[in-house]
Amino acid sequence: MSTSLRLVIGNKNYSSWSMRPWVLARQAGIAFEEVQLKFDDAGRPRGIESYGVAGRVPVLLIDGNPVWDSLAICETLAERFPEKQLWPADRLARATARSICAEMHSGFQALRSSMNMNIRSRHPGKGRTPESLRDIERIVAIWTSCRERFGAGGPLLFGRFTIADAYYAPVVTRFQSYAVSLPATAHAYCDAVLSLGAVREWMEAARRETEFVAADEPYASR
Amino acid sequence: MLLVIGNKNYSSWSLRPWIAMKVLGLPFTEKRIALYRPGSKEEILSFSPAGKVPVLQDGSTVVWDSLAILEYLAERHPQLWPADAADRATARAVSAEMHSGFANLRQHMSMNVRKRYPGKGRTPEVLAEIARIDAIWAAARGPFLFGSFSAADAMYAPVVLRFRTYDVDVCPAYMKAMLALPAMKDWMAAAETEAESLAQFELYG
């Protein structure tokens, strides 16, 4: 009997946490049913009570059992689908991939708050604070180091597509929205992410969304 | 293996992999770097490009961030996660929720092992986060969250110490089980002997 997977997500334009497991599963060819909830003006997903125990998206329902939080969902998918090799196969590369994903998961608050994800909008130059610039500098250092150390087999952080790319995909869309200029290696990495089929599909759907969520629009008014 | 940590009195992130490694009985060398002093940042950067504690060095492999270290350890020591796949998924969910959330609790009830601040820090947002932790802990199998000690308990260990400091009465049986771990007692005893006092974490005198 096959496992049923349903992924509960928020607005594709705004929900960076939702984008991560969605892009991961779609790009890896893991079949799932999408359940989209829309955010209210405070950024709370309407109707989450019936799915999420933590009150946030994303939630992955495995045969009805909820797994919440993007990182836990990614780890659980990696475990359930070992043939998809969602983490790098090499132990050192995998340790590094987990480190940079965890760093993203608990860090970069300045980037998240002053350059929140907003795929369909363009706010060039906005959101630069000393703290967000430090976050950008660290992210560029992470990408450059991974490309140099582990990127020989392809254009992505560890060569081929892994959870790490799904994890940094929302950052790539932010750099596009806010027109962040990047050194060559980081720029080429962004291009590689933006050309992934699942990333394109997500972004096209985001551009078609019309809801305006005030909590996520510090640089625009309705 | 070498585990780089910060002050035991204050560094909640450091406690997480440290307690997991102690409970697993893994031999490791501990390197304590006193935080927020001249040269602290540079010394941490000499171990990890992220510039934060904790950091685990295993031969030529460097792993940073508490949750990544726990997953790294669990590859070799699978007993660190619950054996049942559904339990393991839930354990990862509550661990990840701790890892990226509870910002108000962290800010207003920062870890300070040797102090007692009963009643302090209870903003409405903090109380909502305490209620969420209560709900997670109330589902504990006993004595620990998923029966035997797991990475999820390591992730919540600093919360246990915060609730001790701020006298928050939540799931006393779970608190008692965690505080009775010999490794927790060792950590608390070491925190008591530390001389450094960091003003930014001495929130209430």
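The values are calculated or read from the model by the stated rules, or taken from the named source; none is laboratory data. Computed from a prediction, not measured in an experiment: that's the story for all the values here. Using ideal geometry, Cβ is built from the backbone for each residue, glycine included, and neighbour counts are taken over all protein chains shown.
B:Ala96 versus (1) outside the structural domain of B:Arg141 (by TED's automatic domain parsing); (2) within 20 Å of A:Trp68 (Cβ to Cβ); (3) not aromatic (Phe, Trp, Tyr): which is the lone unmet condition?
Result: B:Ala96 fails condition (1) only.
For B:Met98, state whether it is in a loop (DSSP other than H, G, I, E, B), at pLDDT 95 or above and buried (at least 18 other Cβ atoms within 10 Å of the Cβ).
No: the conditions fail for B:Met98.
Looking only at segment A:7-21, filter to residues that are within 11 Å of the chain's Cα centre (by Cα) and under 18 Å from A:Glu79 (Cβ atoms); which one of those is surrounded by the fewest Cβ atoms within 10 Å (Cβ to Cβ)? Explain how you work it out, then say what you get.
The initial filter retains those residues of segment A:7-21 that are within 11 Å of the chain's Cα centre (by Cα), namely A:12, A:14-21.
Imposing the further condition that a residue be under 18 Å from A:Glu79 (Cβ atoms) reduces the set to A:20-21.
Working: A:Arg20: 26, A:Pro21: 29.
Looking at the filtered set, the residue picked out is A:Arg20.
Could you list, in sequence order, the residues of segment B:66-95 that are in contact (Cβ under 8 Å) with a residue 24 or more places away in the chain and part of a loop (DSSP other than H, G, I, E, B)?
Answer for segment B:66-95, where residues must be in contact (Cβ under 8 Å) with a residue 24 or more places away in the chain and part of a loop (DSSP other than H, G, I, E, B): B:His77, B:Trp81, B:Pro82.
Hey, among B:Met155, B:Met184, B:Met178, which residue is touching a Lys or Arg at 6+ places or on another chain (Cβ under 8 Å), assigned by TED's automatic domain parsing to the domain that holds B:Glu97, surrounded by 13 or more Cβ atoms within 10 Å (Cβ to Cβ) and closer than 24 Å to B:Glu71 by Cα?
Result of the check over B:Met155, B:Met184, B:Met178: B:Met155.
Would you tally the residues in segment A:129-175 being polar (S, T, N, Q) and in contact with a Phe, Trp or Tyr (Cβ under 8 Å, 6 or more places away or on another chain)?
Qualifying residue count for the region: 1.
Can you pull out the residues in segment B:66-91 that are at the interface with another protein chain (Cβ under 9 Å from one of its Cβ atoms) and not aliphatic (A, V, I, L, M)?
Those that are at the interface with another protein chain (Cβ under 9 Å from one of its Cβ atoms) and not aliphatic (A, V, I, L, M): B:Ser66, B:Glu71, B:Tyr72, B:Glu75, B:Arg88, B:Thr90.
Scan segment A:134-153 for residues that are more than 14 Å from chain B (Cβ to nearest Cβ) and either loosely packed, with under 14 Cβ neighbours inside 10 Å or among the acidic types (Asp, Glu) (or both) and jot them down.
A:Ala152, A:Gly153
Could you list, in sequence order, all residues of segment B:1-24 that are part of a strand (DSSP E or B) and more than 15 Å from B:Ala190 (Cβ to Cβ)?
Scanning segment B:1-24 gives B:Leu2, B:Val4.
Among the residues of segment A:82-100, write down those that are farther than 22 Å from A:Ala31 by Cα and either among the hydroxyl-bearing types (Ser, Thr, Tyr) or part of a helix (DSSP H, G or I) (or both).
A:Arg91, A:Leu92, A:Ala93, A:Arg94, A:Ala95, A:Thr96, A:Ala97, A:Arg98, A:Ser99, A:Ile100
In segment B:25-65, which residues are within 11 Å of chain A (Cβ to nearest Cβ), in a loop (DSSP other than H, G, I, E, B) and among the hydroxyl-bearing types (Ser, Thr, Tyr)?
The answer is B:Ser48, B:Ser60.
Being closer than 16 Å to B:Tyr10 by Cβ, buried (at least 18 other Cβ atoms within 10 Å of the Cβ) and either modelled with pLDDT of 95 or more or under 16 Å from the mean Cα position of the chain (by Cα) (or both) is true for just one of B:Val160, B:Val126. Which residue is that?
B:Val160 is the lone residue from the list that is closer than 16 Å to B:Tyr10 by Cβ, buried (at least 18 other Cβ atoms within 10 Å of the Cβ) and either modelled with pLDDT of 95 or more or under 16 Å from the mean Cα position of the chain (by Cα) (or both).
I'd like the full set of residues that are more than 7 Å from every other protein chain (Cβ to nearest Cβ) and part of a loop (DSSP other than H, G, I, E, B), limited to segment A:54-81.
A:Gly55, A:Arg56, A:Val57, A:Pro58, A:Asp63, A:Gly64, A:Phe81
Taking segment A:170-209 only, how many residues are under 16 Å from A:Ala141 (Cβ atoms), free of Cβ contacts under 8 Å to residues at least 40 places away in the same chain and of a type in the set (S, T, N, Q)?
1
State yes or no: is A:Pro45 within 20 Å of B:Arg132 (Cα to Cα), surrounded by 19 or more Cβ atoms within 10 Å (Cβ to Cβ) and not aliphatic (A, V, I, L, M)?
Yes, satisfied.
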